[in-house]
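Visitor: Got a structure here, written out as structure tokens. Questions coming.
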């Protein structure tokens, strides 16, 4: 039987006019359609105060056509489960609590996952590193990763060539599970990255994506991918992020959210978070920040 919260979340997203903010407002209070239907209408509308067409949304969830949406969502979840792909929703078992720190507009309503979900609970450093990287920051990022892995702590990385792939290989060699965040739907993972992804998941790691299976890839989704990476880590390492890049913005969010942020220079000139970032000269201190 598919998890009711995941089924409800997918059904909600199929409604016209329901986006992340509306879906999260409902899911934060009601884990299922039955919970919405059992609550006084005024209470449900209070959760949606300020949302356009809130009445229409409440009517849709309470109407018979929503049962069809739930059935369709259940069928989708069952088909994904047959492919060993899990779908996590807020408040359900396995949902990474770190994502709840993101604004509702940036927080995924569902997270698609392939591999060992236990990797999400591992104390991990989120490594934000775009491509291409110069040789010095590329090597320094690996130095930091080795220090983290040597303490049995994990990494949250991207799923692209360059430093992401290098860090995945370091995780495999250390026998520590890694989480790789795909910047598209899981079915859209670059073919050249699939052998590495298979090795990652077979060794206890996990591929995750905040996007539907066949979504993308699109350049504009890199911002969301970087934010999800940062939110999944206990602390963050930003590797020479260009100004206004997805990595720069995700590091800024992490600093504002109270996460420990370390920087492999250079950093974006004038970025407020850079002044408070931990230098990577002390590898032990950076590794110990992954608590």
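The values are calculated or read from the model by the stated rules, or taken from the named source; none is laboratory data. Keep in mind the model is a prediction, meaning the values are calculated, not measured. For neighbour counting, all protein chains shown are included, and Cβ atoms are generated from backbone atoms with ideal geometry for every residue, glycine included.
Visitor: Scan the stretch 236-258 for residues that are within 16 Å of the chain's Cα centre (by Cα) and under 17 Å from residue 107 (Cα atoms) and jot them down.
Guide: Answer for the stretch 236-258, where residues must be within 16 Å of the chain's Cα centre (by Cα) and under 17 Å from residue 107 (Cα atoms): 246, 247, 249, 250, 251, 253, 254, 257.
Visitor: For the stretch 129-149, indicate whether the set of residues that are over 25 Å from residue 281 (Cβ atoms) and under 16 Å from the mean Cα position of the chain (by Cα) is non-empty.
Guide: No: zero hits.
Visitor: Report, by residue number, each residue of the stretch 224-251 that is surrounded by fewer than 17 Cβ atoms within 10 Å (Cβ to Cβ) and at negative phi.
Guide: Correct list: 242, 243.
The rows are residues; the columns are (1) in a helix (DSSP H, G or I); (2) in contact (Cβ under 8 Å) with a residue 12 or more places away in the chain; (3) more than 18 Å from residue 210 (Cα to Cα).
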{"position": "29", "(1), (2), (3)": "no, yes, yes"}
{"position": "35", "(1), (2), (3)": "yes, no, yes"}
{"position": "61", "(1), (2), (3)": "yes, yes, yes"}
{"position": "66", "(1), (2), (3)": "yes, yes, yes"}
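Visitor: Which one of 155, 165 is buried (at least 24 other Cβ atoms within 10 Å of the Cβ) and either assigned to a loop (DSSP other than H, G, I, E, B) or in the same structural domain as residue 191 (by TED's automatic domain parsing) (or both)?
Guide: Matching residue, one of 155, 165: 155.
Visitor: Looking for something surrounded by fewer than 21 Cβ atoms within 10 Å (Cβ to Cβ), in contact (Cβ under 8 Å) with a residue 60 or more places away in the chain and within 29 Å of residue 20 (Cβ to Cβ) - is there at least one such residue anywhere in the stretch 174-196?
Guide: Within the stretch 174-196, one or more residues are surrounded by fewer than 21 Cβ atoms within 10 Å (Cβ to Cβ), in contact (Cβ under 8 Å) with a residue 60 or more places away in the chain and within 29 Å of residue 20 (Cβ to Cβ).
Visitor: Identify, from the list 76, 56, the residue that is part of a helix (DSSP H, G or I), farther than 21 Å from residue 222 by Cα and in contact (Cβ under 8 Å) with a residue 40 or more places away in the chain.
Guide: Testing whether each residue is part of a helix (DSSP H, G or I), farther than 21 Å from residue 222 by Cα and in contact (Cβ under 8 Å) with a residue 40 or more places away in the chain leaves just 76.
Visitor: Looking at 79, 52, 93, 73 in this structure, which one is within 11 Å of residue 6 (Cβ to Cβ), exposed (fewer than 13 other Cβ atoms within 10 Å of the Cβ), over 13 Å from the mean Cα position of the chain (by Cα) and not assigned by TED's automatic domain parsing to the domain that holds residue 205?
Guide: Sole residue among the options that is within 11 Å of residue 6 (Cβ to Cβ), exposed (fewer than 13 other Cβ atoms within 10 Å of the Cβ), over 13 Å from the mean Cα position of the chain (by Cα) and not assigned by TED's automatic domain parsing to the domain that holds residue 205: 93.
Visitor: Taking the residues in the stretch 168-177 that are part of a loop (DSSP other than H, G, I, E, B) and within 20 Å of the chain's Cα centre (by Cα) as candidates, determine which candidate is farthest from residue 201 (Cα to Cα).
Guide: Per the stated criteria, the residue is 176.
This table checks each residue for (1) touching a residue at least 24 places away in the same chain (Cβ under 8 Å); (2) over 16 Å from residue 228 (Cα atoms); (3) in a strand (DSSP E or B).
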| site | (1), (2), (3) |
| --- | --- |
| 105 | yes, no, no |
| 126 | yes, no, yes |
| 138 | yes, yes, no |
| 143 | yes, yes, no |
| 146 | yes, yes, no |
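Visitor: Here's another thing I want to ask about it. Does residue 276 satisfy the condition of being crowded, with 16+ Cβ neighbours inside 10 Å, over 16 Å from the mean Cα position of the chain (by Cα) and either farther than 27 Å from residue 77 by Cβ or at pLDDT 95 or above (or both)?
Guide: no
Visitor: Now a separate question. Would you check if residue 11 is surrounded by 15 or more Cβ atoms within 10 Å (Cβ to Cβ) and in contact with a strand residue (DSSP E or B) (Cβ under 9 Å, 6 or more places away or on another chain)?
Guide: Spelling it out, it is not the case that residue 11 is surrounded by 15 or more Cβ atoms within 10 Å (Cβ to Cβ) and in contact with a strand residue (DSSP E or B) (Cβ under 9 Å, 6 or more places away or on another chain).
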